1. Working carefully through the options B:LYS94, B:LYS121, find the one that is charged (D, E, K, R) and over 18 Å from the mean Cα position of the chain (by Cα).
2. Condition test on B:PHE324, is it among the aromatic types (Phe, Trp, Tyr) and surrounded by fewer than 18 Cβ atoms within 10 Å (Cβ to Cβ)?
3. When you go through A:LEU14, A:LEU89 one by one, which is the residue that is aliphatic (A, V, I, L, M), surrounded by 10 or more Cβ atoms within 10 Å (Cβ to Cβ) and at the interface with another protein chain (Cβ under 8 Å from one of its Cβ atoms)?
4. I'd like to know if region B:47-55 contains one or more residues that are in contact with a helix residue (DSSP H, G or I) (Cβ under 9 Å, 6 or more places away or on another chain) and part of a loop (DSSP other than H, G, I, E, B).
5. Could you please give the count of residues in region A:19-47 that are under 19 Å from B:ALA317 (Cβ atoms) and charged (D, E, K, R)?
6. Restricting to region B:370-390, name every residue that is more than 10 Å from every other protein chain (Cβ to nearest Cβ) and in contact (Cβ under 8 Å) with a residue 60 or more places away in the chain.
7. Report every pair of residues separated by at least 6 positions or lying on different chains whose Cβ atoms are under 6 Å apart, first residue within region B:274-290 and of a type outside the set (Phe, Trp, Tyr), second surrounded by 16 or more Cβ atoms within 10 Å (Cβ to Cβ) and part of a loop (DSSP other than H, G, I, E, B).
Amino acid sequence: MKITTEMVDYISVLSRLKLPQEEKEKMTGELEQIIAYMDTLNALDTSGVEPMSHVFPVKNVLREDQVVPSFDRAELLKNAPKADEEAFLVPKTVE
Amino acid sequence: MNEILNLTALQLGEAIRKGEVSPVEAARAALERIEATKSDNAFVALTAQAALQRAEEVGKKIAAGELTGPLAGVPLGIKDNICTRGVSTTCASKILTGFEPPYDATLVEKLNALGAVSLGKLNMDEFAMGSTTETSFYGPTHNPWDAGRVPGGSSGGAAAAVAARSCWYAIGSDTGGSIRQPAAYCGVTGIKPTYGTVSRYGLIAYASSLDQMGPLARDAADCAAVLDAVMGKDPRDGTSLDVPAGNLLAGLTGDVRGMKIGIPADCFGDGLDPEVKKSVLAVADVLRARGAEIVEFTFPVMEYVVPTYYIIAAAEASSNLSRFDGVKYGWRAEGYEDLTDLYNRTRTEGFGSEVKRRILLGTFVLSSGYYDAYYKKALQVKGLIKNAFDDAFGKCDLMLTPVAPTTAPKMGESLSDPLQMYLSDIYTVSVNLAGLPGLSMPCGFDSKGMPIGAQLIGPALGEAKVLNAAHAFQLDTDYHKQSPVGKEAR
């Protein structure tokens, strides 16, 4: 399958990445090569095969709701690149 | 080099309990060794002062009879994608620079409760994406057997540190072979246990349906002791299994009489280095001499395992890594104009190219119009791969395969061709897709003197069998006792 720079632009927007032109061109070629290899799966007839997301029959793991203390806010905010005493700081998004 | 560095983790634990060696002496010896092998670049963060202080406390508790476990006081290293409270945890990525988790991974909590002494954090491929430890933001780790070669990856720092005798055991993670392949390249023993047996709480996710943590150590008995300590149901990991854990060490008898060892012919065909093939098949001879039976069969899914793995792993990675946005933790780019620009700049400059490649690939296979052709298709093939393993375990108790097609490649050879690097994961990725236990153990050396690894694969929850077969092999061979110490030109 042909991968174009327009497709890479589109998935870059979805991925929140903005590759410089040179990196984008290199990536386009590499992705095309890798995706062509992934097309080997097309040789396999999978009609009627259920997609398997989890190998063990573990689903809907539920527990009783319990009230427990959450993490200390100050300790969590310590890891943020920018924060004040009570919140993460980012550029203004709404006027 | 201090003689105690040559002990296994269990031997050191015993010496500590008998009072022959103190945890402080052990930690000091390891720290000196780490300093002497600094050029390997196995550690990305060393917590020397904390380790000595911790060793002191643990020593007192052992003397007081409060800690009696087989690994109490034995120093270890922890891969840099496993959360350690207050200690830098970066996944060897620029984007997590400065991140100090506010909590310990469940596995770390469990080890600490039994008297573990951590020396620091180990180098890895960025976000565990890579097979050579060359994609680390902190520079590559070198193979202690030959500094011009890679240690494998992604747990390359862990394998190199254990091989170089810088720590007695290490905790790695394995999404597609990241414990087993570096263990093979560095001549140590490592096991990825059954998916769900070790809680993933606190393991920074790469591909959640495949990720699993496990030990790299000097031999199978040490691996069994570590798994005994860390396995078990954890309410904080919804995928963790509620099954009996422990007793792996106690079950190591070396008795493999009547055990059926399966040799899948498709794992020994084209593309496998003849020296690797010969050494791996020789494992069957050793086990046969101990009374195991060898059965051969076909395993007709091998050509599909790598594409299936990379589609699923990349898809999950693209979702998991969306949390790294320069807002909540780690590094933030400068010069942004608005919030979207902040995300774009931080992620573009903060992630290395292999990580970006997999995020883009994963976004592509999940995107509208391609989802059915790639992601859904891969989940269907995953079902077929699981069926192939079910068939195989109808014919045998364990499977014996190579870990990697060759021994450790030279530095710089793999990164230029990402697809070629992916293909080298052919023998390990299927084990993650099927959630099975897989162990890698040293089984020989090639003509260049580099270690060769053999893989034993068990059915789900078959850790006891896998470890016992490896233990049996190690009772009769001494490949696992070889070390690169003295071999390196330093």
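1. Numbers: B:LYS121 fails: over 18 Å from the mean Cα position of the chain (by Cα).
The match here is B:LYS94.
2. Details: among the aromatic types (Phe, Trp, Tyr): yes; surrounded by fewer than 18 Cβ atoms within 10 Å (Cβ to Cβ): no.
No; evaluated as a whole, the condition is false for this residue.
3. A:LEU14
4. Within region B:47-55 (the criterion being in contact with a helix residue (DSSP H, G or I) (Cβ under 9 Å, 6 or more places away or on another chain) and part of a loop (DSSP other than H, G, I, E, B)), the answer is yes, since at least one residue qualifies.
5. The total comes to 2.
6. Answer for region B:370-390, where residues must be more than 10 Å from every other protein chain (Cβ to nearest Cβ) and in contact (Cβ under 8 Å) with a residue 60 or more places away in the chain: just B:ALA388.
7. B:GLU275/B:ASP446; B:LYS277/B:PHE268; B:LEU287/B:VAL256; B:ARG290/B:VAL256
Okay, residues lined up against (1) touching a strand residue (DSSP E or B) at 6+ places or on another chain (Cβ under 7 Å); (2) loosely packed, with under 14 Cβ neighbours inside 10 Å; (3) facing chain B (nearest Cβ under 9 Å); (4) among the charged types (D, E, K, R):
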{"residue": "A:ILE34", "(1), (2), (3), (4)": "no, no, yes, no"}
{"residue": "A:LEU41", "(1), (2), (3), (4)": "no, no, yes, no"}
{"residue": "A:ASP45", "(1), (2), (3), (4)": "no, yes, no, yes"}
{"residue": "A:LYS59", "(1), (2), (3), (4)": "no, yes, no, yes"}
{"residue": "A:PHE71", "(1), (2), (3), (4)": "no, yes, yes, no"}
{"residue": "A:ALA74", "(1), (2), (3), (4)": "no, yes, no, no"}
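The values are calculated or read from the model by the stated rules, or taken from the named source; none is laboratory data. These numbers come from a predicted model, not from an experiment. Here Cβ is always computed from backbone atoms with ideal geometry, including for glycine, and neighbour counts include all displayed protein chains.
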